[in-house]
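Student: One structure follows; several queries about it will come next.
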Amino acid sequence: MKARLLAPVAGLLTATMILAGCGAGGDRESDSGGDGGGASDVGVTEDTVTVGGHFPLTGVAAPGYSEIPTGAQAYFDYVNAAGGINGRQIEYIVKDDGYNPTNTSQVTNELVLQDEIFAMVGGLGTPTHSAVVDFLNSEGVPDLFVSSGSLQWGDDVESKPYTFGWQPDYEIEGKIIGQYIAENMPKAKVGLFLQDDDFGEDGEKGVRQYLDKQIVGVERYTSGNTDVGPQVAGLQAKGADLVIAFNTPAYTALTQLTSLALGYKPTWFYSNVGSDPQLVGSLLNRFSEGAVEGDNSSLNGVLTTEYIPGVDATDDPWVQLWQEVWDQEGEGGELTNYRIYGMSQAYAFVQALAAAGEDLTRDGLVEAVESFEDVTGPQLAPFRYSADSHMGISGMRVVELQNGKAEELTPVLVSDIGDAPIEEDSSDQASDAPPEGGIPDGS
Amino acid sequence: MNRLLDVWRHSVLGRHLLLAVIGLAVVVVVLEVVGDFRALQLAAMAYLGIAAGGLTVLTGINGQISLGHGALMAFGAYTTALLLDDPTGSMPISLVVLASTLVALAVGTAVGVAAARLHGPYLAGATLALAVAVPGIALYFGEFLGGEQGLRVSLPDVPTWALDLEYLLTGTEMSRSQYVAYLGWITLIVTFVLLANLARGRVGRRWRAVRDDEVSAELAGIRLGRARISAFMVSAAAAGAAGSVLAITARLAAPSGFTLVLSLTLLTAVVLGGLGYLSGALIGAGLLTFLPPFVTRIGGDAGLSDIRAAELAPLVYGLVMVLVILLAPAGLVGTTRMAMAERRARRQMAAAGKTDSPGTTHPQHDSNDENDPGTPQASGSTTSKGSTR
Amino acid sequence: MQQLVNTALGGLTLGAVYAAFALALVLIFRSTRIVNFAQAPMAMVTTFIALTLIDAGYSYWVGFAAALLAGLVLGAVVERVFIRHVEGKPEINAVILTLGLFITLHALAAVIFGNRFRSFPAPFGLRGLEVGGTTIRLTTSGIFTIVAVATVMVLLMLLFRFTDVGLRMRASAYNPEVARLLGVRVGRMLTLGWALAAVVGSLSGLLIASGGLVHPGYMDSVVVYGFVAAVLGGLESPVGAVVGGLTLGLSLSFVSGYLGSELVALAALLILMLVLTLKPGGLFAVASARRV
């Protein structure tokens, strides 16, 4: 009888103990990094530096995005094979969050408290990353190059001193697109096709600064809802003859297919995120049987923007470097624009490591990135980093797609959030080439 | 000691309170030993456990399937996020959890009233639609509820009394993670004591009666609708408390945190542990918290690429579900209990053989059990089978 | 006006796919009283099989036939290996089992076929037809979808109403004991039910994939809406499934176009609750007598 009574208690006890016990070691000292970073060098040893990132590797957001960390990994491996930075090998830990903020919070705890990463690099997604941004900052973990164009990573340095954006934010992209259309197509009746989150919102804010009056209709889609017919039909009904679309690549293919079925032929202007000509083109090329024309021509005449060279620019020295890195260190499959994205980010992180010097500390790394003004890399326009702003790349150019390649329509245009003017870039970053050996030196 | 045993034997409430005290002691010991990361993981286990406990009452004891409990958690989580929107907020955290519970209770009542008439697959369909629909509400009222990005939760500082108490007991400072974990587990213990008492009492007997045989229950004067609705309400309240703990642990309430996957996870926890046992819900929650990262790590160590290792977790998780249902459909707790009961029966049989009294061959069905081991598996006909035809 | 027509036509085509999926659920429910949540990933797997063949250079129709055949086999295998063990057990067991299969198949497909977007060719044109100078959102592929679903519905009705096999399948489902006494090989009938349902499920997978993008999760939203459609129709009736699917497709298309796409799921919930409140057994519920 007695054993009987104790069974549930014993069950509870053992369950908790076993589960809690399977790895309790190694957590205690993590508290040292808890108070503001200071001169801590968590995650750094003589010959290694450990960094991590969270990405959707499973679930509906995984197609596409899960390739980004493979690109970054390949570039880190490339650097490691050449001896690392300041004698340190870069260890890169990738965690799956399935694009669910609750999971992001769990895996970030794991990265910071258990794996004891030195810095977060390239954590992906707005809702996901915003779940952990406060935690990372309160723990003093450098949070570099968030893979999202939301403004919040860079516009409030005081409350998020450790977080840095990377790609041009959606607002300046909207501004640049808006100005281009206002100047070159003043008579166009503009429709907006927006993802129903900060991506669409920030983009719309930028676009409206320049062509508020030209906009005849706005349609929003919820990510995951793959039937965009009603939205495209709505734009058609409003008579929009130019559609600016802030959406992901899959939705670019879907809008193209839908407008085909609707006999709707506006000029499409996709934001950089959604344009990926290689991916979208390969998706659309399949529907050749009397549907979309074959070859690479399915996206001909589509306007978009670019801020790093993509796989189509085979002559670009940066793309040649990425191809070499992928051939050497890649895990199979071909080089894609997602992988180039990851590599370009990884390149910037390696630059930051090199600049932070031999005595690597978290605050030292942040200072190094804040003084990035002269640093050049694959990005076409310079970073905006300073002690007052952690916004990423400052601009992009407008291009038109022809046969799967981007043809420049404007020089590189740079701007900033708010009512900062749009100017031509004077740094000439767009025409630089990677250093010999493909690895940045310490400055 | 004898008095304690006396309490154990004769008072249901007393027994549950004793268990709660023991549980609390275990929690304190564990949380003082583990580091911040494990503490937060345990907090995650706590919110899964609370919600799974509520679902146990609904599905295991009352026989109603819900595929939408994640949505009910969302109501709790958003209430918490709205109440804790700035760090200087003066509202005590216990009131926040209570308010979240009440909001979910209100929603649960509405859902329960609508669901009371539905059976089996119809109920599953309705709750499935609920799970998918609720995140859309947060998008529609984006201004107020933060849209896709959700609402941040600013956890107020650890209250001084808690810091003092911790210092008094252990001589160390209480970290925020520990605080969150304590909050989660104390909520869990309180919830489980309440659930266990309800399940053992008159209300619980009604729930079971309705599950086992609607017609007899009705003949015995039980109002079917009322019993169903009350089970749904209790279960929703637990989900609300769980959602609140989730929001505090994850520091965020966002629609993508409350997808169908969460609802299915809860159902899985309930079934893995053993349908109808609160302890099973807790064990299931533990499994689902600790198994996926463990599997991924093994995959990574075995040299799989990150992407493949990440797919390993759902693969193992799905296989475990399939295997448990095929090999041990009563779940871990149920199967263990059955094995124990069988052994006891054999022992008694052996004893009976000696004293030559064949009347005691049945395993003693002890009514003092935490919950009725006669889970739906044992009862031949379930509610929906008969009524959908 | 054009928008109205196009929204309606888009809704009908989508509704036809929900209907096909709901038909598969109804078939399984009729034969084993189980709701098969693994239906969507099973269809996803067979669609990927078709895609692999098409990528290897075979024609669309070879892939199409192979997918249906694979569905037949997969359905029978799943029933014999897994479902057999939970038949007659509490329904929660079957729910969990099929959900477990759902997750397992999903992860397996991601590992085997890769978790990325791929395009799936269409059998016919993807251009909208022209009527009186304006293009309407009805493509030849869309017409094919609607015709295919209508054909399947009619075939199933014929099967259940007029054939011996259909009768035996119904008998096995309604009262296995009696059916067995009457000499029906109940086990075989259940396997057949699952196999047929998986064929219909595979068809819905192919129809929704045609002229669109596939990845391991592409059927996930269909699970929910297909299930809702089946429940709307009453889970028992093929006609109900089709009516439920079309109703749902149409209404959701209008909600998405005129109210906002974030409300689609909410609208599905409201429609379902409205119907179930009026008729707790669905639109086409068989008049039910409670068994005592």
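Student: Being more than 13 Å from every other protein chain (Cβ to nearest Cβ), touching a residue at least 24 places away in the same chain (Cβ under 8 Å), at negative phi and part of a helix (DSSP H, G or I) is the requirement here; does residue B:187 meet it?
Tutor: The answer is yes for residue B:187.
Student: Out of the residues in the range A:299-329 meeting the condition of being without any contact (Cβ under 8 Å) to a residue 24 or more places away in the chain and out of contact with any helix residue (DSSP H, G or I) (no Cβ under 8 Å at 6 or more places or on another chain), tell me which one is nearest to residue A:396 (Cα to Cα).
Tutor: That would be A:316.
Student: All but one of (1) over 21 Å from the mean Cα position of the chain (by Cα); (2) assigned to a helix (DSSP H, G or I) hold for residue B:118; state the number of the condition that does not hold.
Tutor: Result: residue B:118 passes all but (2).
Student: Further, regarding this structure: Do we find that residue A:227 is at the interface with chain C (Cβ under 10 Å from one of its Cβ atoms), among the charged types (D, E, K, R) and under 26 Å from residue C:142 (Cα atoms) in this structure?
Tutor: yes
Student: Go through (1) in contact with a Ser or Thr (Cβ under 6 Å, 6 or more places away or on another chain); (2) in a helix (DSSP H, G or I); (3) more than 10 Å from every other protein chain (Cβ to nearest Cβ) one by one and return the number of the condition residue C:10 breaks.
Tutor: Of everything listed in (1) in contact with a Ser or Thr (Cβ under 6 Å, 6 or more places away or on another chain); (2) in a helix (DSSP H, G or I); (3) more than 10 Å from every other protein chain (Cβ to nearest Cβ), residue C:10 misses just condition (3).
Student: How many residues does the range A:392-443 contain that are in a helix (DSSP H, G or I) and either more than 23 Å from residue A:320 (Cβ to Cβ) or free of Cβ contacts under 8 Å to residues at least 40 places away in the same chain (or both)?
Tutor: Of the residues in that region, 2 qualify.
Student: Something else: Please go through (1) surrounded by 15 or more Cβ atoms within 10 Å (Cβ to Cβ); (2) within 11 Å of chain A (Cβ to nearest Cβ) for residue B:29 and return the number of the only condition it doesn't satisfy.
Tutor: That leaves (1) as the condition not met.
Student: When the range B:144-174 is examined, which residues are found to be assigned to a helix (DSSP H, G or I), more than 11 Å from every other protein chain (Cβ to nearest Cβ) and of a type outside the set (A, V, I, L, M, F, W, C)?
Tutor: Residues satisfying the conditions are B:160, B:164, B:166, B:167, B:170.
Student: If residue B:140 satisfies all but one of (1) closer than 22 Å to residue A:222 by Cα; (2) surrounded by 23 or more Cβ atoms within 10 Å (Cβ to Cβ), what's the number of the condition it fails?
Tutor: (2)
Student: Moving on. Give me a count of the residues in the range A:254-280 that are charged (D, E, K, R) and away from chain C (no Cβ under 11 Å).
Tutor: 0
Student: A further question follows. Would you confirm, using the coordinates I've provided, whether residue B:177 is in a helix (DSSP H, G or I), touching a residue at least 12 places away in the same chain (Cβ under 8 Å), of a type in the set (Ser, Thr, Tyr) and closer than 19 Å to residue A:130 by Cα? Full working, then the answer.
Tutor: On the way: in a helix (DSSP H, G or I): yes; touching a residue at least 12 places away in the same chain (Cβ under 8 Å): yes; of a type in the set (Ser, Thr, Tyr): yes; closer than 19 Å to residue A:130 by Cα: yes.
Yes: the conditions hold for residue B:177.
Student: Which condition number does residue A:197 fail, the rest of (1) at pLDDT 90 or above; (2) acidic (Asp, Glu); (3) surrounded by fewer than 24 Cβ atoms within 10 Å (Cβ to Cβ) being met?
Tutor: (1)
Student: Looking only at the range B:142-158, which residues are free of Cβ contacts under 8 Å to residues at least 40 places away in the same chain and farther than 12 Å from residue A:197 by Cα?
Tutor: B:144, B:158
Student: Go through the range B:299-326 and give me each residue that's farther than 14 Å from residue C:110 by Cα, more than 9 Å from chain C (Cβ to nearest Cβ) and part of a helix (DSSP H, G or I).
Tutor: The answer is B:299, B:300, B:301.
Student: Any residue that is touching a helix residue (DSSP H, G or I) at 6+ places or on another chain (Cβ under 9 Å), within 14 Å of another protein chain (Cβ to nearest Cβ) and either part of a helix (DSSP H, G or I) or among the small types (Gly, Ala, Ser) (or both) - is there at least one of those in the range C:178-201?
Tutor: yes
Student: While we're on this one: How many residues are of a type in the set (A, V, I, L, M) and either under 22 Å from residue A:274 (Cα atoms) or surrounded by fewer than 14 Cβ atoms within 10 Å (Cβ to Cβ) (or both) if we restrict to the range A:421-442? First the steps, then the outcome.
Tutor: If we filter the range A:421-442 for residues that are of a type in the set (A, V, I, L, M), which is where we start, we get A:422, A:430, A:433, A:439.
From the residues that got through so far, the ones that are either under 22 Å from residue A:274 (Cα atoms) or surrounded by fewer than 14 Cβ atoms within 10 Å (Cβ to Cβ) (or both) too are A:430, A:433.
Residues meeting the conditions: 2.
Student: Please go through the range A:233-250 and pick out each residue that is under 18 Å from the mean Cα position of the chain (by Cα) and either among the aromatic types (Phe, Trp, Tyr) or part of a helix (DSSP H, G or I) (or both).
Tutor: Initially, the range A:233-250 is screened for residues under 18 Å from the mean Cα position of the chain (by Cα), giving A:245-250.
Correct list: A:246, A:249, A:250.
Student: Can you report the number of residues in the range A:230-253 which are at the interface with chain C (Cβ under 7 Å from one of its Cβ atoms) and surrounded by fewer than 24 Cβ atoms within 10 Å (Cβ to Cβ)?
Tutor: Residues flagged as at the interface with chain C (Cβ under 7 Å from one of its Cβ atoms) and surrounded by fewer than 24 Cβ atoms within 10 Å (Cβ to Cβ) within the range A:230-253 amount to 3.
Student: Taking the range A:283-309, which residues are at pLDDT below 55 and in contact with a Ser or Thr (Cβ under 6 Å, 6 or more places away or on another chain)?
Tutor: A:292, A:294
Student: Please work out which residue is nearest to residue C:225 (Cα to Cα), limiting yourself to the range A:210-232 and to residues that are in contact with a Ser or Thr (Cβ under 6 Å, 6 or more places away or on another chain) and part of a loop (DSSP other than H, G, I, E, B). Explain how you work it out, then say what you get.
Tutor: Quick first cut of the range A:210-232, residues in contact with a Ser or Thr (Cβ under 6 Å, 6 or more places away or on another chain) only: A:221-222, A:225, A:228-230, A:232.
Filter again for part of a loop (DSSP other than H, G, I, E, B), leaving A:222, A:225, A:228.
Working: A:222: 16, A:225: 12, A:228: 16 Å.
Step by step, filter the range A:210-232, then rank; the result is A:225.
Student: Of everything in the range C:218-256 that's of a type in the set (Gly, Ala, Ser) and at the interface with another protein chain (Cβ under 8 Å from one of its Cβ atoms), which residue is farthest from residue C:202 (Cα to Cα)?
Tutor: Among those residues, the one meeting the criterion is C:256.
Student: Do you know which residues across the range A:333-365 are part of a helix (DSSP H, G or I) and more than 17 Å from the chain's Cα centre (by Cα)?
Tutor: Those that are part of a helix (DSSP H, G or I) and more than 17 Å from the chain's Cα centre (by Cα): A:351, A:352, A:353, A:354, A:355, A:356, A:362, A:363, A:364, A:365.
Student: Further, regarding this structure: Within the range B:218-228, restricting attention to residues that are surrounded by fewer than 21 Cβ atoms within 10 Å (Cβ to Cβ) and assigned to a helix (DSSP H, G or I), which residue is farthest from the chain's Cα centre (by Cα)? Spell out how you get there, then give the answer.
Tutor: Of all residues in the range B:218-228, those surrounded by fewer than 21 Cβ atoms within 10 Å (Cβ to Cβ) come to B:218-226.
Filter again for assigned to a helix (DSSP H, G or I), leaving B:218-219, B:224-226.
Values: B:218: 28, B:219: 31, B:224: 24, B:225: 23, B:226: 22 Å.
So the residue we want is B:219.
Student: Hey, can you tell me all the residues within the range C:50-103 that are touching a residue at least 12 places away in the same chain (Cβ under 8 Å), among the hydrophobic types (A, V, I, L, M, F, W, C) and part of a loop (DSSP other than H, G, I, E, B)?
Tutor: C:82, C:86
Student: Sticking with this one: Counting only residues that are basic (Lys, Arg) and either more than 19 Å from residue C:88 (Cα to Cα) or surrounded by 20 or more Cβ atoms within 10 Å (Cβ to Cβ) (or both), how many does the range C:183-203 have?
Tutor: Residues meeting the conditions: 0.
Student: Hey, another quick one. Only one of B:109, B:88, B:80 is modelled with pLDDT of 90 or more, more than 18 Å from the chain's Cα centre (by Cα) and surrounded by fewer than 24 Cβ atoms within 10 Å (Cβ to Cβ). Can you tell me which?
Tutor: Every option except B:109 fails the conditions.
Student: Output the residue which, of all residues in the range C:83-139 that are of a type in the set (Ser, Thr, Tyr) and surrounded by 23 or more Cβ atoms within 10 Å (Cβ to Cβ), is farthest from the other protein chains (Cβ to nearest Cβ).
Tutor: Among residues in the range C:83-139 that are of a type in the set (Ser, Thr, Tyr) and surrounded by 23 or more Cβ atoms within 10 Å (Cβ to Cβ), the one farthest from the other protein chains (Cβ to nearest Cβ) is C:98.
Student: I'd like to know if the range A:177-192 contains one or more residues that are under 23 Å from residue B:146 (Cα atoms) and either of a type outside the set (Lys, Arg) or within 14 Å of chain B (Cβ to nearest Cβ) (or both).
Tutor: Yes, the range A:177-192 contains at least one residue that is under 23 Å from residue B:146 (Cα atoms) and either of a type outside the set (Lys, Arg) or within 14 Å of chain B (Cβ to nearest Cβ) (or both).
The values are calculated or read from the model by the stated rules, or taken from the named source; none is laboratory data. Since the structure is predicted, the reported quantities are computational estimates derived from the model, not experimental observations. So basically every Cβ, Gly included, is an ideal-geometry build from the backbone, and we count neighbours across all protein chains shown.
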